[in-house]
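Q: Quick one: the structure is below, questions incoming.
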Amino acid sequence: MAKRRPTQRKTGTPQPAHQHEMGGCLRILRELSAYIDDELSADVCRQIRRHLGACPHCEDFLSSLRQTVSLCRHAPAAALSPADRTRMREKILQAARAR
Ligand SMILES: [Zn+2]
């Protein structure tokens, strides 16, 4: 999987692309809960992917999550059980609280 670097760069606008301190990671982690369930719009998915590209912490966290999800998707017989989803949500919330 190749990482995409943002090619657009706005100059003169003091707007941080990645707000790491308060809002950024926490918001992304919350969205990840829906992300694993495929409940997000393409727009939000894009936001998440962009954040993950710029944030090693979130990317690292998601990679294990994503691995599980994709394993399930590639194997039609093994769907995420409600228990699995609950466990993932708990992990996400824990990660979010730790920040
Ligand atoms: Zn982050």
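Computed from the coordinates by the stated procedures, all read-outs in this text should not be read as laboratory data. Here the structure is a predicted model, which is why all the values come from computation and not from measurement. All Cβ positions, glycine included, derive from the backbone under ideal geometry; neighbour counts span all protein chains shown.
Q: Take R89 and D60, extend 7 Å from each Cα along the Cα→Cβ direction, and tell me the distance between the two endpoints in nm.
A: It is 2.7 nm.
Q: Can you tell me the order of 48-58, 80-90 when each peptide is scored by its average per-residue count of other Cβ atoms within 10 angstrom, highest first?
A: On the way: 48-58: 16.7, 80-90: 12.8.
Going from most to least packed, we get 48-58, 80-90.
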